[in-house]
Amino acid sequence: MATLKISGLSKSFGIHTVFENISFDVKSGERIGLVGANGAGKTTLLKCIIGTEEADKGSVKAESGAVIGYLRQDFNYTTKSIREEMQEAWRDILYCEDQLRAAAAALEHHKDDPELIRRYGQLEARFEFLGGYQYESTTKKILTGLGFREEDWDRDIHAFSGGQKVRINLAAALVRHPDFLLLDEPTNHLDMDMLEWLEDYLRSYKGGLLMVSHDRYFLDAVATGILDLSHTHIRSFRGGYTRYVQTKAQQDASYEKAYEKQQEHIRQTEEYIRRYKAGIKSKQARGRQSQLDRLERLAAPTHDRSLRFHFEPPEECADKVLDVLHAAASYGPHAIFRDLSLHIRKGERVGLIGPNGAGKTTLLRLITGDKRPEGGLVVLGSNVKMGYYSQEQERLDAGLTVLEQVETAYGCGEGEARNILGMFLFSGDDVFKPISLLSGGEKARLSLLLLFLEKPNFLILDEPTNHLDIPTREIMEDAIQAFGGTSLIVSHDRYFLDKVTTRILDMEHGALTEYLGNYSYYREKKRDLEEFERDRQGVAEEAAVEETKAAETKVRQHAPKKEPSPVAAAKVEHIEMEISRQEATLKMYEMEMTAAASDPAAYEKAAEAYGAEKEKLDALYEKWEEAAAHL
């Protein structure tokens, strides 16, 4: 079993320690999720393992010849198309294939050259080991699973959208099928169907996986273990995300209890020493001081800073919050939807899902008034105050600082603005950072803060968990659940949808299908519908087969009967047994050739025997074809 071994890894930037003395293993067949708050150092750790960032101390070791793959985050392509990018990923296999062709051509003219035979055998074994016989079908399977049609393969790679480029990078990482695969946020920009495809693919992956992800549903579906990177150190847990949360909570509670108990013991001991160090019990006091000096003290428990907010109780509004009636929208000549209707009542928390490009964001823009419908009506109820969270963060002014943005939006002084910013983890000099220099997570938190200040009673959220770490997502879930108003949420975060939604709308092919429950309920009902459809099709196919059989039987009843010869049947069966034995013999010689790759004499002997047995197998196949024809 191949193992990727990380030992004593440390990394600092100036006086800031990112992680210190980290050690863990990733074995073949293990799928390890790496979690932690934004800024904990997860991506830096992956870069140190892959070698694009140099660690200060420690080592990364894999078995000789093991290949480590990595999901790249940049879009600086040197290739011109997806096809060329995949060929770049398969570069070593394509090189091996060229060498194999050259060796085969040389053998045509020098069939008895032992060195050529040995070389050909080594190249063929290497080509098979790298997956050379399946690389074209593997590429097609992965690109199709990630939503690319064959006509996309030769398009200009730079013309694809940001989300599509993320999927191209993911395909390039997956097709190579390395011994160890490092994935940094692999679920970003994938819709539900692609997420489920990726989960199925990774569950069948034979190599070792190390995955940075904030997608809790994905981690539950794929991970066999979790690494928690926090406060420069790492902790290991078995199982998926849900089991990790439970185990970590138990461990943290036990540690806090042990720490408090030790602190109480230290206080009592120090009080005894102070009271009796100069009296009749001074000897006992000195003994207790010695014990205290030798005591291995537990470090104080650490707690991450987290958001502290909840939406204010919303103002009352009409029972009918939103009516979309027979709406139509298009993009250029392409119709996104026609005759689409939607109704949302007060207090509902509605999840809007569907494939990328189905028109979810377009529908939100019709509701918010950023786009006019080409037909139909969009009507908000009386006293409905809408608050819109856009995944594009358009409301943020790149020319302002964080503090200036809040002061401008809220019309307040610096002191009050700082108090509000502190609730959203902006403190100290962070408030003077230009918005143009904020990270994705910081922009998401600031947009959430502006939404909070609007005091809406109807929340419209477009991918609200993008760029947020898991602790922030959990606080946002609690805030929306406690919010007494109405919510319409577009999200690919299935865990989030499970927690907050009471109704799911599935948007596909320009239509909405309603499911009265959360995401898990939607999945269960959709599977039931798919099963019903498969059963219905199966019944129809069975009827067609039976009809065909009946017609064939009728034809046979009127045709002259010709029984197969028992002698011919026995001959075919005998030859098939001989072929099975001969194939087993060939497999044995293949193993001998592989084992003798470093010994030319032994390899030549095994290759000669292999050639002789191969000729016998070819002759048996010819005999089988002749006998089968007579049968």
(message) Keeping all protein chains in the complex and leaving out DNA, RNA and ligands, what accessible area do you get for Y255 with a 1.4 Å probe, in Å² to the nearest 10?
(response) 90
(request) Using only the Cα atoms of the stretch 54-158, build the gyration tensor, take square roots of its eigenvalues as a ≥ b ≥ c, and label the shape rounded, prolate or oblate: rounded if a/c is under 1.5, else prolate if a/b is larger than b/c, else oblate. (result) oblate
(request) Just grab the label-to-label distance for K385 and A335, each label 7 Å out from Cα along the Cβ direction, in nm (one decimal). (result) 4.0
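Give the Rg/Rh ratio for the stretch 1-124, taking Rg as the radius of gyration of the Cα atoms and Rh as the Kirkwood radius, to two decimals.
On the way: Rg = 20.9 Å, Rh = 18.3 Å.
In the stretch 1-124, Rg relative to Rh is 1.14.
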(request) Report the FRET efficiency, 1/(1 + (r/R0)^6), for A543 and S59, where r is their Cβ-Cβ distance and R0 is 45 Å, rounded to 0.05. (result) 0.10
(request) Please work out whether the chain counts as rounded, prolate or oblate from its C-alpha gyration tensor, where a ≥ b ≥ c are the square roots of the eigenvalues and a/c under 1.5 means rounded, while otherwise a/b larger than b/c means prolate and anything else oblate? (result) oblate
(request) Provide the FRET efficiency to the nearest 0.05 for the F13-E348 pair, computing r from the beta carbons and using R0 = 30 Å. (result) 0.05
(request) Take the alpha-carbon centre of the stretch 133-190, take the same for the stretch 384-412, and report the distance between them in whole Å. (result) 36
(message) Whole-Hz ³J(HN,Hα) for each residue in the stretch 214-227, computed from phi via Karplus 6.51 cos²θ - 1.76 cosθ + 1.60 with θ = phi - 60°, x for glycine and proline: what do you get?
(response) 9, 8, 5, 4, 4, 5, 5, 6, 10, 5, 9, x, 10, 10
(request) Could you calculate the contour length gain from T302 to R275, that is, 0.36 nm times the residue separation minus the distance between their Cα atoms, to one decimal place in nm? (result) 6.5 nm
(message) Once you place label points 7 Å from the Cα toward the Cβ at Q263 and T52, how far apart are they in nm?
(response) 4.2
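What part of the accessible area of the chain, given as a whole %, is carbon or sulfur when the probe is 1.4 angstrom?
50
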(message) 5 Å is the cut-off here: which amide hydrogens, built 1.01 Å from N in the peptide plane, fall below it relative to S12, excluding neighbours closer than 5 in sequence?
(response) V18, D56
(request) Specify which residue in the list T232, A278, G415 is farthest towards the positive end of the charge dipole of the chain, using unit charges on the beta carbon of Lys, Arg (+1) and Asp, Glu (-1), about the Cα centre. (result) A278
(request) For helix 91-109, report the angle its Cα long axis makes with the longest principal axis of the Cα atoms of the chain; keep it between 0 and 90° and round to the nearest 10°. (result) 10
(request) Tabulate in residue order the Karplus-calculated ³J(HN,Hα) for the stretch 51-58, using 6.51 cos²θ - 1.76 cosθ + 1.60 with θ = phi - 60°, rounded to whole Hz; enter x for Gly and Pro. (result) x, 7, 10, 8, 6, 6, 8, x
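About the Cα centre of the stretch 1-105, how large is the charge dipole given +1 on each Lys and Arg Cβ and -1 on each Asp and Glu Cβ? Please answer in debye to the nearest 20. List each step's numbers first, then the result.
Working: 13 positive and 14 negative charges, 39 e Å.
Taking the Cα centre of the stretch 1-105 as origin, the dipole is about 180 debye.
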(request) Quickly work out the E316-to-E108 label distance, labels modelled 7 Å from Cα along the C-beta direction, and quote it in nm with one decimal. (result) 9.0
(message) If you count only protein heavy atoms and use a 1.4 Å probe, how large is the accessible surface of D304, to the nearest 10 Å²?
(response) 90
(request) Give me the number: length gained by fully extending A482 to R395, i.e. 0.36 nm times residue separation minus the C-alpha to C-alpha distance, one decimal in nm. (result) 28.8 nm
(message) Helix 566-595 against the longest principal axis of the chain: what's the angle in degrees, Cα atoms only, rounded to the nearest 10?
(response) 60
(message) Probe of 1.4 angstrom, ligands and nucleic acids ignored: what's the accessible area per residue over the chain, in square angstrom?
(response) 55
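Suppose the chain between F532 and D323 were pulled fully straight at 0.36 nm per residue; how much longer would it get relative to their current alpha carbon spacing? List each step's numbers first, then the result.
Values: separation 209, 0.36 × 209 = 75.24 nm, distance 3.22 nm.
Result for the pair: 72.0 nm of gain on full extension.
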(message) As a test of reading the structure, rank L195, L425 by solvent-accessible area (1.4 Å probe, protein chains only), most first.
(response) L425, L195
(request) For the stretch 321-338, just list the computed ³J(HN,Hα) in residue order, Karplus coefficients 6.51, -1.76 and 1.60, θ = phi - 60°, integers in Hz, with x standing in for Gly and Pro. (result) 7, 8, 10, 10, 10, 6, 6, 9, 8, 9, 10, x, x, 8, 7, 7, 7, 9
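The values are calculated or read from the model by the stated rules, or taken from the named source; none is laboratory data. Every value quoted in this text rests on a predicted model; they were computed, and no experiment measured them. Note: ideal-geometry Cβ built from the backbone for every residue, glycine included; neighbour counts use all protein chains shown. For the accessible areas, the whole protein counts, side chains as well, though only heavy atoms, and no ligand, DNA or RNA atoms are used. Shrake-Rupley method; radii C 1.70, N 1.55, O 1.52, S 1.80 Å.
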